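Working notes, structure below.
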Amino acid sequence: MFKHFRGDEPPLFAHPTELELAELLDASGIPWAYEPHTFALEHDANGNVVEAFTPDFYLPDAGMYVECTTTKPSLMYRKRRKVWKARKLHDLIVTLHERHDFERFRRRYGR
C-alpha cells in the first residue's frame, strides 16, 4: 500500500515544498503516502463536518503524520491550532514543519 514514488508518477502536490519533502523521504528510503487521511475536527449541530484536517504525509513505518507549510508567520496560528486539535481529538502523532525547517533541510541535504 505504501511505497516510494521514485520511478512512478508522483501525486499532484499542493506546493513545491511537498514535492521537495517527498524527494527527501525517498532519498532516505522512508516510505510515505500523500494525504491519505482526513480527520474531522469540528461538527455542526446536525453532525456535518465544518472543520477538517488532512496532513500532507503519512509515514507508515513510524505511524506518524507530517504537515509541512511555508505560510506567512502571521497565519501560523490557524495551522498550529488544527494540528493541536487533530492530536487531541484523534490521538495522532503529527509533526509540523515550517518555512525555517525547510531552510534547515535544504542546508543539511545540499538542496
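Apply the a/c threshold of 1.5 to the C-alpha gyration tensor of the range 41-90 and tell me whether it is rounded, prolate or oblate. All intermediate terms of the calculation are to be shown ahead of the outcome.
On the way: a/c = 2.45, a/b = 1.20, b/c = 2.04.
It is oblate, given that a/c is not under 1.5 and a/b is not larger than b/c.
Could you order Ile30, Ile93 by accessible surface area, starting with the largest, using a probe radius of 1.4 Å?
Working: Ile30 65, Ile93 100 Å².
Listed by decreasing accessible area, they come as Ile93, Ile30.
Could you tell me the accessible area of His43 in Å² (1.4 Å probe, neighbours in place), rounded to the nearest ten?
100
Straight-line reach from Lys72: which aspartates and glutamates have a Cα under 14 Å away, not including same-chain ones fewer than 8 places off?
Straight-line reach from Lys72, under 14 Å: Glu98, Asp101.
Find the relative contact order for the chain and round it to a whole percent, using C-alpha pairs within less than 8 Å whose residues are 6+ positions apart. Show your work: numbers first, answer last.
Values: 136 pairs, mean separation 22.8, N = 111.
Computed value for the chain: 21 percent relative contact order.
So, in Å, what gap is there between the alpha-carbon centers of the range 56-111 and the range 16-32?
A separation of 14 Å, based on Cα centres.
From the backbone phi of the range 50-63, what are the Karplus-calculated ³J(HN,Hα) couplings (6.51 cos²θ - 1.76 cosθ + 1.60, θ = phi - 60°) in whole Hz, Gly and Pro given as x?
For the range 50-63, the Karplus curve yields 10, 8, 9, 9, 10, x, 5, 9, 10, 10, x, 5, 9, x Hz.
Kindly report, to the nearest 10 Å², the accessible surface of Leu89 as traced by a 1.4 Å probe over protein heavy atoms only.
It works out to around 100 Å².
Identify which of the listed values of volume of the Cα convex hull per residue in Å³ was calculated from the structure shown: (1) 337; (2) 107; (3) 121.
(3)
Pairing the Cα long axis of helix 99-109 with the longest principal axis of the chain, what angle in degrees results, from 0 to 90 and rounded to the nearest 10?
For helix 99-109, the angle is close to 20 degrees.
Using amide H atoms built 1.01 Å from N in the peptide plane, name the residues 5+ places from Ala52, or on other chains, whose amide H lies under 5 Å from its own.
Those qualifying (amide H under 5 Å, at least 5 residues apart or on another chain) are Leu41.
Which of Pro73, Val50, Trp32 sits closest to the plus end of the dipole of the range 22-111, meaning its Cα is farthest towards the positive end, when Lys and Arg get +1 and Asp and Glu get -1 on the C-beta?
Pro73
So what is the accessible area of the range 40-95 per residue, in Å², with the probe set to 1.4 Å? Intermediate values should be presented prior to the final figure.
Numbers: 3350 Å² over 56 residues.
Roughly 60 Å² per residue, with all protein chains present.
Measure nothing but the geometry: give the 0 to 90° angle between the long axis through the Cα atoms of 16-27 and the longest principal axis through the Cα atoms of the chain, rounded to 10°.
60
Pop out the carbon and sulfur fraction of the accessible area of the chain as a percent, whole number, probe 1.4 Å. Show your work: numbers first, answer last.
Values: 3680 of 7070 Å².
C and S fraction of accessible area: 52 percent.
Evaluate the charge dipole of the range 30-108 about its Cα centre and quote only its size in Debye, nearest 20, assuming +1 on the Cβ of each Lys and Arg and -1 on the Cβ of each Asp and Glu.
Values: 14 positive and 11 negative charges, 108 e Å.
In debye, rounded to 20, the range 30-108 gives about 520.
Residue separation times 0.36 nm, minus the C-alpha to C-alpha distance between Glu98 and Ser28: what's the value?
Working it through step by step, the gained length comes to 23.2 nm.
The values are calculated or read from the model by the stated rules, or taken from the named source; none is laboratory data. Computed from a predicted model, the values in this text were never measured in an experiment. All Cβ positions, glycine included, derive from the backbone under ideal geometry; neighbour counts span all protein chains shown. Just the protein is used for accessible areas: all its heavy atoms, side chains included, with ligands, DNA and RNA removed. Shrake-Rupley method; radii C 1.70, N 1.55, O 1.52, S 1.80 Å.
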